[in-house]
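One structure is given below, encoded as structure tokens.
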Amino acid sequence: MLALRLHQFGSFENLKVENIPDPQPKPGEVVVHVRAASLSPSDAKNVLGRMEGTTLPRTPGRDFAGVVVNGPAQMIGAEVWGTGGDIGFTRDGAHAELLVVPAGGVRPKPKNLTFEEAAVVGVNFVTAWVGLIETAHFQPGEIVLATGAAGGVGSAVTQIAKWKAGRTIGVDRSPMSQDHQKEFGIDRALVTDPKENYKSMLDGALQFSESKGVNVVFDCVGGPLFEPCLKTLGQLGRQVNITSVGDRRVCFDLLDFYHHRLSLFGVDSRAYDTEASAAILERLTPGFEYGALKPVPIAKRFSLNEAVQAYTQVNDGTLRGKAVFAFSAEGA
């Protein structure tokens, strides 16, 4: 089979397409003929050596959709999707024609999604679900403010919140993102402006919440937005952080923090392997099949031979939407 292989960290030029033996499943595993696999920023960081725990040589790639071609007889031919914090890091990933994972690490893909659409869901929606539902325990009628709302995780957060009968505020740095946010039904779109110390974000959140403050902040940016986000929270508010752009060190008013009885949570999707992630995808499936949830739009399709270009564009953030490796329906 053909696979994208990494033998040395540090440059996308180190990615090479190699013809390697087809993987053979152990008991309890399946082999998936990958029909589509998306690229996430974490895939790019992994190749550059910025992710911990990766062993080499390695095939990268976390998110995938395809057809089971080897494993338990009852699963052969099943159209599945999956993701995980282990594949691409400690086990070979999805940027290949074939992928071997635990049988419990895949689930039937939503019937109404194409393979490419299913392949762009994984990391974004699993991260959003873990942070919003399992960690912050978001409830119907509550308000969530998501930064980076036009991006993959941010848009997934607001979609899940709407699906769970919540109200949503989307924050992004570009005025052009407001139209993109409306595509996902965000109730109030705000633009951040560091020159005004994020006053428009604070005022907009207070106005939308009738001066009570929001219930949950899902901060997909961190860095300079960390403390302004905390200031939008009302009593017993919860803030989830998944990264920090720029300065990784932040500060905040501790007296204000405890007077408002706030909670701060860190979420790392790498802690969820294929089996844990598959269980979350199963919970998300009805939302996609009923049309309440939509995948992030696909910006561009690539072949494995275009991997350097694909990884570079994902890392640079020049694509508005997801990059996807598309594979033939023919047997690998």
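The values are calculated or read from the model by the stated rules, or taken from the named source; none is laboratory data. Only a predicted model underlies this, so the values are computations on that prediction, with no experimental measurement involved. Here the Cβ is made from the backbone with ideal geometry for all residues, glycine too, and neighbour counts use every protein chain on show. For the accessible areas, the whole protein counts, side chains as well, though only heavy atoms, and no ligand, DNA or RNA atoms are used. Shrake-Rupley method; radii C 1.70, N 1.55, O 1.52, S 1.80 Å.
Tabulated values for the structure
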read-out	value
Residues (small (Gly, Ala, Ser) and under 14 Å from Arg173 (Cβ atoms)) located in the stretch 205-223	Gly222, Gly223
Matching entry among Ala205, Ala165, Ala189, Ala156 (being without any contact (Cβ under 8 Å) to a residue 60 or more places away in the chain, surrounded by 17 or more Cβ atoms within 10 Å (Cβ to Cβ) and either of a type outside the set (Ser, Thr, Tyr) or out of contact with any Leu (no Cβ under 7 Å at 6 or more places or on another chain) (or both))	Ala189
Entirely in the stretch 39-135, the strands (runs of 3 or more DSSP E) that have 1 or more residues that are open to solvent by less than 30 Å² (accessible area, probe 1.4 Å), of a type outside the set (A, V, I, L, M, F, W, C) and closer than 25 Å to Val308 by Cβ	63-70
Checklist (1) open to solvent by 20 Å² or more (accessible area, probe 1.4 Å); (2) modelled with pLDDT of 95 or more; (3) in a loop (DSSP other than H, G, I, E, B) applied to Ala279, failing item	(3)
Members of the stretch 1-17 found to be surrounded by 15 or more Cβ atoms within 10 Å (Cβ to Cβ) and either part of a strand (DSSP E or B) or more than 23 Å from the chain's Cα centre (by Cα) (or both), listed by number	Met1, Leu2, Ala3, Leu4, Arg5, Leu6, Asn14, Leu15, Val17
Selection within the stretch 187-201 - out of contact with any Phe, Trp or Tyr (no Cβ under 6 Å at 6 or more places or on another chain) and either within 25 Å of Gln159 (Cα to Cα) or in a strand (DSSP E or B) (or both)	Asp187, Ala189, Leu190, Val191, Asp193, Tyr198, Ser200, Met201
